[in-house]
Amino acid sequence: MSDVTITISRNGSLKIEGGPTLLDADGNELKTREGKPFFLCRCGESTNKPFCDGTHNRIEFDGALAGDG
Ligand code: FES
């Protein structure tokens, strides 16, 4: 079983824990804070993609999952 955990925040980012390597589309490693969780943008509006910069709050991102009423 993987030690990596991905948590989908309600109306926000994806929280990544467990120290996975993050690569861009060309296979280049993107730096993350070693040993710390990082947060990937799910709303598409971050100015620091692929990382979340909190913009989802300002735009009132609706991150309802399929099956969420
Ligand atoms: S999810 Fe936070 S800025 Fe997009």
Which residues, counting only those in the range 16-63, are within 16 Å of the ligand (Cβ to nearest atom), open to solvent by 60 Å² or more (accessible area, probe 1.4 Å) and either of a type outside the set (Val, Ile, Thr) or in a strand (DSSP E or B) (or both)?
Phe39, Arg42, Glu45, Asn48, Lys49, Asp53, Asn57, Arg58, Glu60, Asp62
Does Cys43 meet the test of being hydrophobic (A, V, I, L, M, F, W, C) and touching a His at 6+ places or on another chain (Cβ under 7 Å)?
yes
Of the residues in the range 4-15, those that are open to solvent by less than 70 Å² (accessible area, probe 1.4 Å) and either away from the ligand (no atom under 16 Å from the Cβ) or among the aliphatic types (A, V, I, L, M) (or both) come to Val4, Thr5, Leu14
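The values are calculated or read from the model by the stated rules, or taken from the named source; none is laboratory data. These numbers come from a predicted model, not from an experiment. Positions of Cβ are backbone-derived with ideal geometry, glycine not excepted, and every protein chain shown enters the neighbour counts. Surface areas here come from the heavy atoms of the whole protein model, side chains and all, with no ligands, DNA or RNA. Shrake-Rupley method; radii C 1.70, N 1.55, O 1.52, S 1.80 Å.
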